[in-house]
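The values are calculated or read from the model by the stated rules, or taken from the named source; none is laboratory data. Please read all numbers here as calculations on a predicted model, not as lab measurements. In this analysis, Cβ positions are derived from the backbone assuming ideal geometry, glycine residues included, and neighbour counts consider all displayed protein chains.
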Amino acid sequence: MNRFRRTLLIAVPYLWLLLFFLAPFIIVVKISLSDTAIAQPPYVPVFDPALGWAGLKDFLSALDLESYVWLTQDSLYINAFLESLKIALISTSLCLLVAFPLALGIARTSPKRRPVLLMMVILPFWTSFLIRVYAWIGILRSEGFLNQFLQWTGVISEPLAIINTPVAVYVGIVYSYLPFMVLPIYATLEKMDGSLLEAAIDLGCSRTSAFWRITLPLAAPGIIAGCFLVFIPAMGEFVIPDLLGGTGTLMMGKTLWSEFFSNRDWPVASAVAIVLLLFLVVPIVAFQRMLERQQEAAR
Amino acid sequence: MNQQAQVSDRQPGPAARPSGGPTKVFAPWTEADAKPLVEFVDVRKVFGDFTAVNGVSLKIYPREFFALLGPSGCGKTTLLRMLAGFETPTSGKILLDGQDISGIPANRRPINMMFQSYALFPHLSVAANIAFGLKRSALPRQEIAGRTEEMLQLVQMTQFAHRKPHQLSGGQRQRVALARALAKNPKLLLLDEPLGALDAKLREQTQFELMNIQEKLGTTFVIVTHDQEEAMTVSSRIGLMSHGSLAQVATPPQIYENPVSRFVADFIGDVNIIEGKSGGVIARDGEEFVEFHRPGDESVFVARASEPVAPQTDCCLAVRPEKIAVTREKPADAANALTGHVHDIAYVGNLSTYHVRLADGSIVKAQEANRRRIANREITWEDEVWLSWTPGAGVVLAR
Ligand SMILES: Nc1ncnc2c1ncn2[C@@H]1O[C@H](COP(=O)(O)OP(=O)(O)OP(=O)(O)O)[C@@H](O)[C@H]1O
Ligand SMILES: [Mg+2]
């Protein structure tokens, strides 16, 4: 009885994963191995259990890697992939540069004021992501708030072209994912015993060298976690490059969208999705490993 | 450290015996020409509107093991942190070797500190922790390695050199912290409650290790503690603090036998405080004593005075429980005697403490060693008993 209950308890999350992660994943893999067709759904073959064993055989033999081959033949996909990689790396670095001082600042203020500051970091999450990205259009476009302000102060005479450039995409990603970088870094810094820095200074460090030798290495787990949390979604980001980056910015997410909705080429779109996933599995697994190691060290 | 090493180390301690000459007691504070290593001159520290340290003047001599003792929040840590350079005095100055160190930042003072939490760097190994301070100096690499090895041996942590702090026990961490603070061979080592996190057994053992290491190296130690037994065990002198100022600075026997105030008498060990008025000064056997009267009691008590007390001042008589004898009959020639009823007997194996209620309702404690089995004890609850003590046993305190 007890064993049965335990099995049931473990089975529930597994069933959940099976139903909502593995099943859709297998469907996407299957579509990526199919061929496009003008039909409903827009690909062949379609599995029909009524045809029995022979039907399954025919079905399997109709699957091929054509879509994946296609990805390597058109430079569009490679370019989109490299562009995504570049944008994700640059925006992760920018995010780190902005988030670290922020997290350090919050961790160093008095414990009474910290909740308010943390609240301000999290607060934007309370409004829709889409609305916030639209708001940036209002700020960045040529007659937007930023240009008007800069022209009013006389810093520039002509409006800056920011919207529909990669710069706007960086701004959008850094803004949207900043909390994912700030929070893990803050968590490691906040745990840090203040007497460690005093001990370093007592042993002859200057304040700057104490920062490099103590604060930074101890914040490393938070920094790595934050980088993963920003890099992984940024790689597949669609909304931000679409709304802020204009037509010139080709990222994987956007390519995927146009394959699905404009070209109605579901197999190639699925292949793009699978390749992106395989590429991201490496950092995700590395991230999991790191978390495990951290938990061991903490024990 | 094994017992053998402890014994052999303690005998020829460099602090106790300066080279050549006859054996001399280590007491530089009694010598007029001794130069202090550290001198506090009327140091005050104010946080906002709170005075944490209030006019401390103190001299600490080379090779001393000085204990700062006091209740929680009395300013011990603040005093230590000013010495280390983490806080600046609001007024007054601190001299090291006769030089004002107010302008020298913490990282350039020849002073190292062992933190209460140990503050070991969690991402560095034991050896790297110990070498941390050495690497910040201009020493050649070879020398750093040698010195690190030496320190590992001193605290017997050689086989744990490559472990990380989280893989060590509390006692081992404490030793690494000590080795790290000593590695740069500081003129002065500050220890803020270094044994606070250890259990009683380990604590006692570690106290002796600390004393051995201090004697071996001859470094001046200033230790903060709120455990009076620990302070009595390890230190050459104790500075007892109360509300930001020093209540008394003296050697452990002096502070126990000759407290200067009620606070000191009460803080160090167990004491009976009997209220009353002082009388005249009398001489007995070539020593000076003070007479003492209890209200509503015509008998005269005789006790020492650690400071002169004018006649007819309100004061108290402080007597340690272990100096009071308990008898059924009135002792014939006792200098001080009181009678009462046994209210309670606290038995702790080797000792019994008799709580005796006097006629006015106050309780006086008397402690006796249990030389006989408890069944043979002749005094029991509600018995009428006499308490007596010698003139030298009590101290009259005006403060
Ligand atoms: N940075 C600070 N700001 C304000 N008040 C402080 C500060 N540091 C210490 N204090 C106050 O100064 C007083 C003395 O503190 P200190 O840490 O020196 O006490 P302590 O004798 O070491 O006590 P404990 O035995 O509990 O460690 C305390 O009342 C404390 O609240
Ligand atoms: Mg303290």
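Considering every residue within region B:132-150, establish whether at least one is in a loop (DSSP other than H, G, I, E, B), within 18 Å of B:Leu217 (Cα to Cα), more than 10 Å from chain A (Cβ to nearest Cβ) and at pLDDT below 90.
no
What are the residue pairs meeting all of these: first residue in region B:112-128, first residue within 7 Å of another protein chain (Cβ to nearest Cβ) and free of Cβ contacts under 8 Å to residues at least 60 places away in the same chain, second residue among the acidic types (Asp, Glu) and in a strand (DSSP E or B), Cβ atoms under 7 Å, and 6 or more apart or on different chains?
Pairs found: none.
Where the second residue is exposed (fewer than 14 other Cβ atoms within 10 Å of the Cβ) and the first is within 23 Å of A:Leu218 (Cα to Cα) and lies in region B:148-166, which pairs have Cβ atoms under 9 Å and are six or more apart or on separate chains?
Once the first residue is within 23 Å of A:Leu218 (Cα to Cα) and sits in region B:148-166, its partners that are exposed (fewer than 14 other Cβ atoms within 10 Å of the Cβ) give B:Phe160/B:Gln167; B:Lys164/A:Ala297; B:His166/A:Ala297; B:His166/A:Ala298; B:His166/A:Arg299.
Within region B:213-314, considering only helices (runs of 4 or more DSSP H) that don't extend past its boundaries, which have at least 3 residues that are under 30 Å from B:Ala179 (Cβ atoms)?
Because the criterion is at least 3 residues that are under 30 Å from B:Ala179 (Cβ atoms), the helices (runs of 4 or more DSSP H) in region B:213-314 that meet it are B:228-234.
Within region B:93-122, how many residues are away from ligand 1 (no atom under 16 Å from the Cβ), surrounded by fewer than 18 Cβ atoms within 10 Å (Cβ to Cβ) and either on the phi < 0 side of the Ramachandran plot or part of a strand (DSSP E or B) (or both)?
Residues in region B:93-122 being away from ligand 1 (no atom under 16 Å from the Cβ), surrounded by fewer than 18 Cβ atoms within 10 Å (Cβ to Cβ) and either on the phi < 0 side of the Ramachandran plot or part of a strand (DSSP E or B) (or both): 11 in total.
Yes or no, residue by residue, for (1) over 28 Å from the mean Cα position of the chain (by Cα); (2) within 14 Å of another protein chain (Cβ to nearest Cβ):
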| residue | (1), (2) |
| --- | --- |
| A:Thr127 | no, no |
| A:Ile137 | no, no |
| A:Thr153 | yes, no |
| A:Ile162 | no, no |
| A:Val167 | no, no |
| A:Pro179 | no, no |
| A:Leu196 | yes, yes |
| A:Ile201 | yes, yes |
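Among the residues of region B:151-165, what is the count of those that are within 14 Å of chain A (Cβ to nearest Cβ) and either exposed (fewer than 13 other Cβ atoms within 10 Å of the Cβ) or among the charged types (D, E, K, R) (or both)? Break it down into steps so the answer makes sense when it comes.
In the first step, residues of region B:151-165 are kept if they are within 14 Å of chain A (Cβ to nearest Cβ); the result is B:151, B:163-165.
Remaining after also requiring either exposed (fewer than 13 other Cβ atoms within 10 Å of the Cβ) or among the charged types (D, E, K, R) (or both): B:163-164.
Residues in region B:151-165 being within 14 Å of chain A (Cβ to nearest Cβ) and either exposed (fewer than 13 other Cβ atoms within 10 Å of the Cβ) or among the charged types (D, E, K, R) (or both): 2 in total.
Given A:Tyr134, A:Tyr175, which one is of a type in the set (Phe, Trp, Tyr), in a helix (DSSP H, G or I), surrounded by 12 or more Cβ atoms within 10 Å (Cβ to Cβ) and without any contact (Cβ under 8 Å) to a residue 60 or more places away in the chain?
Testing whether each residue is of a type in the set (Phe, Trp, Tyr), in a helix (DSSP H, G or I), surrounded by 12 or more Cβ atoms within 10 Å (Cβ to Cβ) and without any contact (Cβ under 8 Å) to a residue 60 or more places away in the chain leaves just A:Tyr175.
Name, by its number, the condition in (1) within 14 Å of chain A (Cβ to nearest Cβ); (2) modelled with pLDDT of 90 or more that does not hold for B:Ile94.
B:Ile94 satisfies all of (1) within 14 Å of chain A (Cβ to nearest Cβ); (2) modelled with pLDDT of 90 or more except (1).
Where the second residue is acidic (Asp, Glu) and the first is within 13 Å of ligand 1 (Cβ to nearest atom) and lies in region B:222-240, which pairs have Cβ atoms under 7 Å and are six or more apart or on separate chains?
B:Val224/B:Asp192; B:Val224/B:Glu193; B:Thr225/B:Glu193
Those residues that are of a type in the set (D, E, K, R), assigned to a helix (DSSP H, G or I) and either within 14 Å of chain A (Cβ to nearest Cβ) or crowded, with 20+ Cβ neighbours inside 10 Å (or both), I need them from region B:172-208; list them, please.
B:Arg173, B:Arg175, B:Arg180
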